[in-house]
Amino acid sequence: MNGPDNFAVPDSEDQDIAAAPQDPIPYVDGNATAGALSEVFRIDIIAALGRCRHCGSVRAFGEAMVFTDAPGIVVRCRDCQGVLLRLVETPTQYWLDLSGLSYLEIDREE
């Protein structure tokens, strides 16, 4: 994917953040993405089911681990910590990487 250098997809497996057991990186749950992603999707995806491309786990998006201490938002699988989604917002664009999701199932509101 083309984009800012800090948004490039790494060649090796998920080396975009580093943590140690004694120094974990803080995160919040998927609900923290509601505002930013509603700007992109114009729908509420928190209840949407997503399948992790890395481990195959299927969970509600709201259960994901969200890291906001970065130039953008990084969303990781609760089960394997694989990257599901990256979102970077600039004054004129959104950069969205969904390559960690096999699919995202969104219910239509009737």
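Odds and ends about this structure:
- Given (1) at pLDDT 85 or above; (2) closer than 20 Å to ARG108 by Cα; (3) surrounded by fewer than 13 Cβ atoms within 10 Å (Cβ to Cβ), index of the condition GLU39 fails: (1)
- Subset of the stretch 81-110 [surrounded by fewer than 15 Cβ atoms within 10 Å (Cβ to Cβ) and either in a loop (DSSP other than H, G, I, E, B) or touching a Gly at 6+ places or on another chain (Cβ under 9 Å) (or both)]: THR90, PRO91, THR92, GLN93, SER99, SER102, TYR103, GLU105, ASP107, ARG108, GLU109, GLU110
- Close pairs from the stretch 86-109: first touching a residue at least 60 places away in the same chain (Cβ under 8 Å), partner assigned to a loop (DSSP other than H, G, I, E, B) and buried (at least 19 other Cβ atoms within 10 Å of the Cβ), Cβ under 7 Å, at least 6 apart: ARG86/GLY72; VAL88/GLY72; ILE106/ILE45; ILE106/ALA48
The values are calculated or read from the model by the stated rules, or taken from the named source; none is laboratory data. Treat the numbers as computed from the prediction; the structure is a model and nothing was measured. In this analysis, Cβ positions are derived from the backbone assuming ideal geometry, glycine residues included, and neighbour counts consider all displayed protein chains.
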